[in-house]
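Peer 1: One structure is given below, represented as structure tokens, and several questions about it will come after.
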Number of protein chains: 2
Amino acid sequence: MKRTSFANWPCSIARTLDLLGDPWTPLVVREAFYGIRRFDEFQRELGIARNTLTDRLRRLVDEGVLEKRPYDTEPPRYDYVLTEKGRDLFTVMATMSRWGDRWLAGEQGVPVVFHHDACGHDTTAEVVCSACRQPLVARETSMRMGPGYPDRLKRRPDVRRRFGVS
Amino acid sequence: MKRTSFANWPCSIARTLDLLGDPWTPLVVREAFYGIRRFDEFQRELGIARNTLTDRLRRLVDEGVLEKRPYDTEPPRYDYVLTEKGRDLFTVMATMSRWGDRWLAGEQGVPVVFHHDACGHDTTAEVVCSACRQPLVARETSMRMGPGYPDRLKRRPDVRRRFGVS
């Protein structure tokens, strides 16, 4: 079944979900952050079906999140390594992890602790405003149409209501 | 088809993906952050199939991300409102949005700008270490087994390799 494409919605959340809105794709990225590079390792660590893994790796390479680096030629074999675009997904992974730690861990405590080697302390990912460095929370944040918002939508009453402009 | 469940994996990323690892569920949550509360509004704004929306709303209520508040009795009608657990997903949404803004926006610029009403500046979500407040990046962060990591797995060679313990 062809899934709805969110890649061209005027929303960076929807566009990101076009790539990450599936559990296996972000889990493949998670493995890459754990240092996994090879097809058989991804397959074994995740217990993912090989055809599903092939599909997800291809998509991640096509999107520039992973790059293929040959390590053998006969037959050709590749490492899958995070690009800069891929490494930047650490922010999304770390934030998901913090939310899960807070709301889904239960009495036994968190399964995995992040340690910030740079400062030497255990850490959780905090989301702050790039301007004032204070925590960014929904009730103190509003969304506005940006330069890339499509002109053809800007006058629509439902869109103007969404962004609170009259 | 019954999807693999990630809810009991010893990883808060996987557990979070058990809920959010589908594009529609986070988009329903996004709409709630835009102030959408009613079934027909979610349906219209997202163009989502009604049975899919029914399913996603039920899951989000079951998981305690949204709560139902009656606004009419004959027939019974409900507002769907973010709980504290749901509002905390703003961190995940804002981080996805920043990643999409950076990597998927193209030449026309970002579609939506976040404005931090609390400080009066446009903002992007930055992910920082809770201890030192510096940006949290993958190459300066390591993952360790936490108190909730299952005892039965702690001795396994592949698990010890994953966490870099010998």
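The values are calculated or read from the model by the stated rules, or taken from the named source; none is laboratory data. Here the structure is a predicted model, which means the values were calculated and not measured. Here Cβ is always computed from backbone atoms with ideal geometry, including for glycine, and neighbour counts include all displayed protein chains.
Peer 1: State all residues of segment B:94-138 that are among the hydroxyl-bearing types (Ser, Thr, Tyr) and either more than 7 Å from chain A (Cβ to nearest Cβ) or within 18 Å of the chain's Cα centre (by Cα) (or both); if no residue qualifies, say none.
Peer 2: B:THR95, B:SER97, B:THR124
Peer 1: When B:ARG77 is evaluated against the numbered criteria (1) touching a residue at least 12 places away in the same chain (Cβ under 8 Å); (2) more than 9 Å from every other protein chain (Cβ to nearest Cβ); (3) part of a helix (DSSP H, G or I), which criterion, by number, is the only one it fails?
Peer 2: Going through (1) touching a residue at least 12 places away in the same chain (Cβ under 8 Å); (2) more than 9 Å from every other protein chain (Cβ to nearest Cβ); (3) part of a helix (DSSP H, G or I) one by one, B:ARG77 breaks only (3).
Peer 1: Given (1) in the same structural domain as B:GLY35 (by TED's automatic domain parsing); (2) in a loop (DSSP other than H, G, I, E, B), identify the lone condition not met by B:VAL165.
Peer 2: So B:VAL165 meets the others, but not (1).
Peer 1: So B:ARG38 passes all but one of these: (1) surrounded by fewer than 16 Cβ atoms within 10 Å (Cβ to Cβ); (2) more than 25 Å from A:ARG156 (Cβ to Cβ); (3) touching a residue at least 24 places away in the same chain (Cβ under 8 Å). Which condition number does it fail?
Peer 2: (2)
Peer 1: Look through B:LEU46, B:LEU82 and report the one residue that is more than 9 Å from chain A (Cβ to nearest Cβ) and farther than 30 Å from A:ALA32 by Cβ.
Peer 2: When all the criteria are applied, what remains is B:LEU46.
Peer 1: Among the residues of segment B:1-51, how many are more than 17 Å from A:TRP103 (Cα to Cα), part of a loop (DSSP other than H, G, I, E, B) and either in contact with a Cys (Cβ under 8 Å, 6 or more places away or on another chain) or not hydrophobic (A, V, I, L, M, F, W, C) (or both)?
Peer 2: Total meeting the criteria: 10.
Peer 1: Taking the conditions exactly as written (hydrophobic (A, V, I, L, M, F, W, C), more than 10 Å from chain A (Cβ to nearest Cβ) and more than 25 Å from A:ARG144 (Cβ to Cβ)), does B:LEU53 satisfy them or not?
Peer 2: Against the criterion (hydrophobic (A, V, I, L, M, F, W, C), more than 10 Å from chain A (Cβ to nearest Cβ) and more than 25 Å from A:ARG144 (Cβ to Cβ)), B:LEU53 qualifies.
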